[in-house]
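Input: a single structure, listed below in C-alpha cells.
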Amino acid sequence: MNAWYAPTPIRVLILPCLAGVLGLSMACAAPQPFQWVDEVPGAREHPGIYRIAPMDVISVRVWNQESMSLLHARVREDGRISLPFLKDVDVAGLTPNSLSEKLQVALVSFIVDPVVTVTVDEPAPLSVFVLGEVTTAGTYTLARPAGALQALAAAGGLTQYANRDGIYVLRRISPLLPPTRIRFRYRDLTSGGTTAAGFLLRSGDTIVVE
C-alpha cells in the first residue's frame, strides 16, 4: 500500500474501512491522517503511572466537606463523573494526582483552600480491539500496563501478509471527534527503549495491522 506525505507533521494513509468499530465506517476511500508514535506528545509513559479510564470506580474526598465528596463513583463511558457543585467533570486520561489538583482549583470558588484526594477503588479491565493482519482478530482483556506488542501477542501475532510498518493504534480522545490514529513500526515495538515500546494502551483502543 502506498503512503503519501502532507507538508505538515501529520502524514496521510489510505486504510481499509473498519465498519462497526468505534464508528469507523466513514469515508473508506478518503485519505485518513495519522501521526507516528514518536510525534505524539507524552506517548511514552512510565508503567507506574496510572491514568483514570472509563468504567473505573473512583472516590473523590474533599477534606472536611462531606457534601462535596463522592465515594465509589464509576467513570462514565464519556470519561466524566458528576460531582456536587461542579456537575460533569472530565476525568478520563488524568492521573489521580492531576485530577486532585484540577478539582482543588475548581473548588476555590466554593470553599477556602480545598484539599482533595482522589483514589482509584476499582480499575476497569484493559479491553482493546485487535483487527487486520493478525492470527485471531477480536477483543482482548490485557493485564495493566500493556502496550501494542502485548495486544498483538494476545491476537496470535502478525500474519505473513502483515505490513510491519503499518501498525496503528486508534484512540478516541473525545466522543465528539474522530479517533486519533497513531502509527508504529513492528521493529520499534520489539526494541527496548523506543517510544513505541513505551507506549501504553488504554481501554477502548483499537490496534489495526495492515
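Of (1) closer than 29 Å to S82 by Cα; (2) in a loop (DSSP other than H, G, I, E, B), D121 satisfies all except one. Which?
If we test D121 against (1) closer than 29 Å to S82 by Cα; (2) in a loop (DSSP other than H, G, I, E, B), just (2) comes out false.
If L158 meets every condition in (1) modelled with pLDDT of 95 or more; (2) within 15 Å of Q32 (Cβ to Cβ) apart from one, which number is that one?
(2)
How many residues does the range 45-60 contain that are crowded, with 17+ Cβ neighbours inside 10 Å and touching a Leu at 6+ places or on another chain (Cβ under 9 Å)?
Residues meeting the conditions: 5.
Quick check on this structure: which one of D205, D165 is at pLDDT below 95 and either small (G, A, S) or over 15 Å from E39 (Cα atoms) (or both)? Don't jump to the end; show me each part of the working.
Details: D165 fails: at pLDDT below 95.
None of the others qualify; the one that does is D205.
Residues checked against (1) assigned by TED's automatic domain parsing to the domain that holds G204; (2) among the aliphatic types (A, V, I, L, M); (3) surrounded by 13 or more Cβ atoms within 10 Å (Cβ to Cβ):
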| site | (1), (2), (3) |
| --- | --- |
| L70 | no, yes, yes |
| E77 | no, no, no |
| I81 | no, yes, yes |
| L86 | no, yes, yes |
| A92 | no, yes, yes |
| F110 | no, no, yes |
| F129 | yes, no, yes |
| A137 | yes, yes, yes |
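Return the residues of the range 167-183 that are surrounded by fewer than 20 Cβ atoms within 10 Å (Cβ to Cβ) and either outside any strand (DSSP E or B) or hydroxyl-bearing (S, T, Y) (or both); say none if nothing qualifies.
R172, I173, S174, P175, L176, L177, P178, T180
Would you check if A73 is under 27 Å from T139 (Cα atoms) and modelled with pLDDT of 95 or more?
yes
Going by what's in this entry, would V116 be described as surrounded by 15 or more Cβ atoms within 10 Å (Cβ to Cβ), among the hydrophobic types (A, V, I, L, M, F, W, C), within 20 Å of the chain's Cα centre (by Cα) and under 30 Å from P47 (Cβ atoms)?
no
Quick one: is R164 basic (K, R), under 26 Å from V57 (Cβ atoms), outside the structural domain of S82 (by TED's automatic domain parsing) and assigned to a loop (DSSP other than H, G, I, E, B)?
no
Would you check if R183 is outside the structural domain of W63 (by TED's automatic domain parsing), closer than 20 Å to R74 by Cβ and of a type in the set (K, R)?
Judged against the criteria, R183 is not a match.
The values are calculated or read from the model by the stated rules, or taken from the named source; none is laboratory data. Predicted model, so just to flag it, every value in this text is computed and none were measured. FYI the Cβ positions are ideal-geometry reconstructions off the backbone, even for glycines, and counts take in every protein chain you see.
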